[in-house]
């Protein structure tokens with residue numbers, strides 16, 4: 001992380017978006033007083049580093065939304081795991097049956 005001015009701006013790696021982002025550094029008291037405004041600014045793409053007693057404590061960054069491709073990959077992984085749990089040629093495991101099996 002590169003600090004331009006410890007009290008004003010920090011340049012660093014945004015763990016959520018995996019891209020270089022400029023953070024505006026603000027004290028926690030100001031973040032608390034202007035939280036709604038900060039959320040509006042974050043929604044528009046800005047990022048903030050929040051300090052407590054001069055020490056960086058938190059980052060306020062835009063939420064990363066999953067792309068359609070990521071969602072489709074996740075669904076494909078879930079479907080692939082089904083074939084491991086229920087391999088072809090063996091009886092299909094059904095959750096309801098497994099639950100009932102343990103009941104008297």
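Points to keep in mind about this one:
- Pairing each residue of the stretch 29-40 that is within 16 Å of residue 55 (Cα to Cα) with any residue that is in a helix (DSSP H, G or I), provided the two are 6+ apart or on different chains, yields C-beta distances under 7 Å for 31/38.
- Inclusion of residue 61 among residues that are in contact with a helix residue (DSSP H, G or I) (Cβ under 8 Å, 6 or more places away or on another chain), modelled with pLDDT under 95 and surrounded by 13 or more Cβ atoms within 10 Å (Cβ to Cβ) is warranted.
- The conditions of being exposed (fewer than 13 other Cβ atoms within 10 Å of the Cβ), part of a loop (DSSP other than H, G, I, E, B) and modelled with pLDDT under 95 are not met by residue 98.
The values are calculated or read from the model by the stated rules, or taken from the named source; none is laboratory data. Bear in mind that the values here come from a model prediction, so they are computed numbers and not experimental data. Glycine also receives a Cβ, built like all others from the backbone with ideal geometry; neighbour counts cover every protein chain displayed.
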